[in-house]
Amino acid sequence: GVMHTAFRRLGFEYVFSTSFSADLTIMEEATELVQRVTSGGPLPMFTSCSPGWVKFVEQFHPDFIKNLSTCKSPQQMMGAIIKTYFAETHGIDPAKIFSVSVMPCTAKKFEVTRPTMGNNGVRDVDAVLTTREFAKMIRSGGLDLTKLEPTLADTPFGNRSTAGKLFGASGGVMEAALRTGYFLITGKELENLKFEAVRGLDGIKEARIPINDDLTIGVAVASGLANAQTLLEQIRNGRDDLHFIEVMTCPGGCVNGGGQPFYQDEEAVRCRMQSLYKIDQDGEIRCSHNNPAIQDLYEKFLGEPCGHKSHEILHTRYTKRETTI
């Protein structure tokens with residue numbers, strides 16, 4: 001809340017929550033996973049919200065490009081929806097919107113420059129600040145967070161589920177996607193939303209998730225690229241029991257991102273993860289598909305997850321990169 005206030009005091013006209021677009025990412029990614037599992041498609045499917053991981057695949061393991069989800073990251077989905085739906089409903093030329101994201105990740109600066117992250121020459125996101133850089137902006141603006149009153153993010157992109165908040169921790173994307181994927185397949189809500197097996201700081205976490213009598217999903221979470229490399233080698237050597245794999249470039253996930261305050265202390269990362277779990281535990285809306293603002297966006301603008309319009313705006317493609325020494 002006080003960060004929202006700080007943004008406005010520094011001159012930003014609108015403040016939105018990337019956790020809203022994390023919910024949007026889950027709607028698209030969980031639908032994509034269900035389609036691949038039930039109708040055929042490259043498996044296992046890998047998450048695509050960590051740009052360091054995506055570039056790692058493009059550069060060193062291009063044979064797995066087909067396995068990456070085509071979903072843009074929450075950062076890029078937010079930028080794309082601002083410059084389409086928001087611009088349209090507010091009568092603003094998208095080219096006149098300057099969109100800035102604040103991220104815990106230095107690789108997000110690279111991500112916004114990818115040629116496919118925009119439309120008609122207008123980039124989804126124009127600039128990225130790391131959390132450290134934003135802290136410097138706050139100080140240079142003479143603001144004291146301890147003295148600012150909290151305010152809400154702007155609608156319609158300020159409402160989020162707690163599943164969207166889990167993205168910051170290793171295993172959080174997986175957990176959020178499983179909650180919605182289960183609902184998409186069965187039409188029922190999970191009784192227990194907590195997937196303990198994919199939480200925590202272990203380098204590789206695995207689980208088998210029963211969906212119905214005919215389907216059990218094999219999932220894995222890799223924390224850090226060395227652990228992702230291990231899983232890739234297992235799959236290349238014939239392992240075929242996994243349907244969905246989350247990879248975060250930074251050990252522990254985005255809470256330990258390269259743009260975060262400098263800490264080498266594992267306990268600090270663990271505490272950040274626990275704070276996200278607490279937010280989720282105490283939340284009223286804990287699944288992305290139950291976020292009324294997300295439902296409204298599909299009803300009024302996008303149509304359906306992984307439909308023609310959402311593919312055009314919210315999905316992307318990847319390219320093999322040459323490796324030079």
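Numbers below:
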item	result
For the range 188-325, share of DSSP beta bridges that run antiparallel, in % to the nearest 5	60
Helix-only CD estimate at 222 nm, as mean residue ellipticity for the chain, using -39500 (n - 2.57) per DSSP H run (n ≥ 4)	-11500 deg cm²/dmol
In order through the range 153-160: 3J(HN,Hα) via Karplus (6.51 cos²θ - 1.76 cosθ + 1.60), integer Hz, x for Gly, Pro	5, 6, 7, x, 9, x, 8, 9
Where C271, C287 fall by accessible area, highest first, once all protein chains stay in place (1.4 Å)	C271, C287
Highest average packing first - 71-78, 209-216, 19-26, Cβ atoms within 10 Å	19-26, 71-78, 209-216
Two-decimal Rg/Rh across the range 120-205, once Rg and the Kirkwood Rh are taken from alpha-carbon atoms	1.09
Hydrodynamic radius (Kirkwood) for the range 157-247, which is based on Cα pairs only, to one decimal in Å	14.0
Equivalent ellipsoid, the range 1-102 (semi-axes from 5 times Cα gyration tensor eigenvalues, Å)	31, 16, 13
³J(HN,Hα), Karplus 6.51/-1.76/1.60, whole Hz, each residue of the range 102-117, x for Gly, Pro	10, 10, x, 10, 6, 5, 5, 5, 5, 4, 5, 8, 4, x, 8, 9
Pairs from K66/K136; K55/K147; K109/K205 whose Cα-Cα separation, in the structure shown, is over 31 Å	K66/K136; K55/K147
If the convex hull is drawn through the Cα atoms of the chain, its volume per residue in Å³	144
The range 223-265: relative contact order in percent, alpha carbon pairs under 8 Å with at least 6 residues between	52
Loop chymotrypsin sites (Phe, Trp or Tyr not before Pro), the range 77-116, which have at most 11 other Cβ atoms in a 10 Å radius of their Cβ (DSSP)	F98
Accessible surface, per residue, of the chain when the full set of protein chains is kept, probe 1.4 Å, Å²	46
DSSP beta bridges in the chain [antiparallel fraction, %, rounded to 5]	50
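The values are calculated or read from the model by the stated rules, or taken from the named source; none is laboratory data. In this text, all values refer to a predicted model and were calculated from it rather than measured experimentally. Heads up, the Cβs are rebuilt from the backbone with ideal geometry, glycines too, and the neighbour counts pull from every protein chain shown. For accessibility, only protein heavy atoms count, side chains too; no ligands or nucleic acids. Shrake-Rupley method; radii C 1.70, N 1.55, O 1.52, S 1.80 Å.
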